[in-house]
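Here's the structure we're looking at; comments come further down.
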Amino acid sequence: MYSNFDTYQLSVLAATKLETGNLSRALDFLLRAAELQPNEAFVYRQLGKAYQEIRNQSNARQYLEKAVSLDNTDADSWVALIEFHQFRGDKEAAENSLKRGSKLCPDSPSLNLMMARRNMSLGQHHLAKPYLLKAIDQAPQNVSAHIDLAGANFRLGLLDEGRQSLENALRAEPNHPVALMVYARFAIGELSKDKALELTTQVLQHRRISRQDKAELKQIFETKYGYKP
């Protein structure tokens with residue numbers, strides 16, 4: 001039926017079907033791709049994610065594990081396997097996969113960010129920082145890594161470094177809603193009134209920030225300075 005398509009074309013077709021919610025057709029394409037190229041890790045990664053979409057956890061795990069066994073330096077497959085375990089609430093399996101994946105793929109921004117967040121969740125912010133710095137070095141435009149680094153710095157009492165991380169986040173993506181919110185809150189607590197007002201005003205004018213978040217920030221500002229921004 002798909003004799004005129006190669007593995008890559010079938011993979012692309014499957015991705016298109018997944019985006020439109022046609023999971024059964026996506027699986028048809030991917031299973032055919034696996035027949036054509038049984039040693040292509042990315043095909044099994046896609047199969048695992050597709051089976052996860054239809055809640056076939058057994059097949060999802062089988063194919064994701066096959067993907068990392070075929071190519072244990074494919075960071076995307078490790079990320080997919082870790083996220084699968086996290087979705088199922090299997091913390092031990094997620095932890096083991098994260099440690100193995102990050103060791104085998106030390107230059108993966110995604111895995112370094114995952115390792116950093118793992119350490120931060122344990123309150124080990126000093127251990128998170130090297131992973132965050134590496135993730136940023138590998139992907140400077142990753143705003144989430146800059147924001148997480150700001151959070152780690154604040155927890156460690158490094159306010160100037162935290163502020164710089166937020167400015168780097170906004171340099172990577174100007175007007176990023178989360179970075180702007182965090183920076184405005186920091187400014188109200190630690191910086192000048194003029195800077196706090198400037199950032200708060202930007203938040204209040206931002207279309208991608210919710211009314212609830214805006215109202216909360218307004219209240220924080222009013223409590224600090226005694227008037228509404």
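Among the listed residues Lys193, Lys228, which satisfies the condition of being charged (D, E, K, R) and touching an Asp or Glu at 6+ places or on another chain (Cβ under 9 Å)? Even if it seems obvious, please write down each step before you answer.
On the way: Lys193 fails: touching an Asp or Glu at 6+ places or on another chain (Cβ under 9 Å).
Exactly one residue qualifies, and that residue is Lys228.
Count of segment 77-88 residues, restricted to those that are at pLDDT 95 or above and surrounded by fewer than 19 Cβ atoms within 10 Å (Cβ to Cβ), is 2.
Considering only residues that are out of contact with any helix residue (DSSP H, G or I) (no Cβ under 6 Å at 6 or more places or on another chain) and part of a helix (DSSP H, G or I), look in segment 119-134 and name the one that is nearest to Arg55 (Cα to Cα).
First pass over segment 119-134, keeping only residues out of contact with any helix residue (DSSP H, G or I) (no Cβ under 6 Å at 6 or more places or on another chain): 121-124, 126, 130, 133.
Applying the additional criterion that residues be part of a helix (DSSP H, G or I) yields 121, 126, 130, 133.
Numbers: Ser121: 28, His126: 38, Pro130: 36, Leu133: 36 Å.
So the residue we want is Ser121.
If you go through segment 62-74 one residue at a time, do you hit one that is of a type in the set (Ser, Thr, Tyr), surrounded by 15 or more Cβ atoms within 10 Å (Cβ to Cβ), in a helix (DSSP H, G or I) and without any contact (Cβ under 8 Å) to a residue 24 or more places away in the chain?
Let us first name the residues in segment 62-74 that are of a type in the set (Ser, Thr, Tyr), namely 63, 69, 73.
Cutting the leftovers down to surrounded by 15 or more Cβ atoms within 10 Å (Cβ to Cβ) gives us 63.
Now restrict to residues that are in a helix (DSSP H, G or I): 63.
After this cut, where a residue has to be without any contact (Cβ under 8 Å) to a residue 24 or more places away in the chain as well, the list is 63.
There is at least one residue in segment 62-74 that is of a type in the set (Ser, Thr, Tyr), surrounded by 15 or more Cβ atoms within 10 Å (Cβ to Cβ), in a helix (DSSP H, G or I) and without any contact (Cβ under 8 Å) to a residue 24 or more places away in the chain.
Being in a helix (DSSP H, G or I), closer than 23 Å to Tyr44 by Cβ and among the aromatic types (Phe, Trp, Tyr): is that true of Phe87 here? The answer is yes for Phe87.
With respect to Arg208, is the statement that it is in contact (Cβ under 8 Å) with a residue 12 or more places away in the chain and not in a helix (DSSP H, G or I) true? Criteria met by Arg208.
So, Asn39, is that one farther than 28 Å from Ala139 by Cβ and at pLDDT 80 or above or not?
Numbers: farther than 28 Å from Ala139 by Cβ: yes; at pLDDT 80 or above: yes.
Criteria met by Asn39.
Taking (1) more than 19 Å from Arg117 (Cβ to Cβ); (2) surrounded by 15 or more Cβ atoms within 10 Å (Cβ to Cβ); (3) at pLDDT 95 or above in turn, Pro229 satisfies each apart from (3).
Cβ separations smaller than 7 Å between residues 6+ apart or across chains give the following pairs from segment 215-229 residues that are assigned to a helix (DSSP H, G or I) to residues that are at pLDDT 95 or above and of a type in the set (Val, Ile, Thr): Leu217/Thr200; Leu217/Val203; Ile220/Ile188; Phe221/Ile188; Phe221/Thr200; Lys224/Ile188.
What number of residues within segment 155-190 are assigned to a helix (DSSP H, G or I) and either within 23 Å of Ser210 (Cβ to Cβ) or within 16 Å of the chain's Cα centre (by Cα) (or both)? Working first, answer last.
Of segment 155-190, the ones assigned to a helix (DSSP H, G or I) are 155, 159-172, 177-190.
Now restrict to residues that are either within 23 Å of Ser210 (Cβ to Cβ) or within 16 Å of the chain's Cα centre (by Cα) (or both): 166, 169-170, 172, 177-189.
Qualifying residue count, segment 155-190: 17.
Taken over segment 101-116, residues that are assigned to a helix (DSSP H, G or I) and surrounded by fewer than 16 Cβ atoms within 10 Å (Cβ to Cβ) amount to 1. Each residue in segment 205-216 was checked for being over 21 Å from Val143 (Cβ atoms) and either more than 26 Å from the chain's Cα centre (by Cα) or crowded, with 17+ Cβ neighbours inside 10 Å (or both), and 1 of them qualify.
The values are calculated or read from the model by the stated rules, or taken from the named source; none is laboratory data. Just so you know, these numbers come straight off a predicted model, no measurement behind them. So basically every Cβ, Gly included, is an ideal-geometry build from the backbone, and we count neighbours across all protein chains shown.
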